[in-house]
1. Would you please name the residue that is nearest to F81 (Cα to Cα), looking only at residues in the range 14-39 that are touching a residue at least 60 places away in the same chain (Cβ under 8 Å) and over 13 Å from the mean Cα position of the chain (by Cα)?
2. In the set G95, G58, G113, G108, which member is crowded, with 19+ Cβ neighbours inside 10 Å and of a type outside the set (D, E, K, R)?
3. State whether one or more residues within the range 112-120 are basic (K, R) and under 24 Å from K54 (Cα atoms).
4. If you go through the range 33-41 one residue at a time, do you hit one that is under 16 Å from I7 (Cβ atoms) and touching a helix residue (DSSP H, G or I) at 6+ places or on another chain (Cβ under 8 Å)?
5. Report the residue count in the range 66-92 for those that are hydrophobic (A, V, I, L, M, F, W, C) and either surrounded by fewer than 17 Cβ atoms within 10 Å (Cβ to Cβ) or not in a helix (DSSP H, G or I) (or both).
6. Applying the selection to the range 1-52, what residues are assigned to a loop (DSSP other than H, G, I, E, B) and not aliphatic (A, V, I, L, M)?
Amino acid sequence: MTTWFSIAGWAFIGGVLRYWLGLQLPTSPNFPWATIIVNLLGSGFLAWLSHAKKLTAGWPSALTVGLGVGGVGAFTTFSTFSVDSLKMLMTQQWGLAAMYMGLTVVGGFIMSGLGVWVARRWFTFPVVER
């Protein structure tokens, strides 16, 4: 039951943080920069969280699950990415749609790789080869 409450609490924080960040970022009527930024930040943070074992090893599992599923899940938004992409395609904004989808997908992989690299570099136990 603790995990459920952790997910709910972190989801509240992640959703509010996403909304607040959307208000702070510059807006463009033709390009959803806020969605790209939250999705890229979320990709990097989730990858970091899942590999930062030195830091998270002592945490209760409810905390790491709550942060990942609830916090990052509410902060990021695949559904908005999908709707924005579809709108661009339906209005025949092919180049803009390709750029948006490319930045989101490729950028997500890059940010995930960066999150893993940072976690393994500074937040994981050393690997001892035998």
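The values are calculated or read from the model by the stated rules, or taken from the named source; none is laboratory data. Please read these numbers as outputs of a predicted model, since none were measured by experiment. Here the Cβ is made from the backbone with ideal geometry for all residues, glycine too, and neighbour counts use every protein chain on show.
1. In this case the residue turns out to be P32.
2. G108
3. yes
4. no
5. Of the residues in that region, 5 qualify.
6. Listed by number, the residues that qualify are P26, T27, S28, P29, N30, F31, P32.
So that you can scan it fast, the table gives a plain yes or no per residue for (1) farther than 28 Å from I7 by Cβ; (2) without any contact (Cβ under 8 Å) to a residue 12 or more places away in the chain; (3) in contact with a Lys or Arg (Cβ under 7 Å, 6 or more places away or on another chain):
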| position | (1), (2), (3) |
| --- | --- |
| T64 | no, no, no |
| G71 | no, no, no |
| F75 | no, no, yes |
| M88 | yes, no, no |
| W94 | yes, yes, no |
| A98 | yes, yes, no |
| G115 | no, no, no |
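Per-residue answers, yes or no, for (1) of a type in the set (F, W, Y); (2) farther than 23 Å from W117 by Cβ; (3) in contact with a Gly (Cβ under 7 Å, 6 or more places away or on another chain); (4) at pLDDT 95 or above:
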| residue | (1), (2), (3), (4) |
| --- | --- |
| I13 | no, yes, yes, yes |
| L17 | no, yes, no, yes |
| Q24 | no, yes, no, no |
| P29 | no, yes, no, no |
| A34 | no, yes, yes, no |
| N39 | no, no, yes, yes |
| G42 | no, no, no, yes |
| G58 | no, no, no, no |
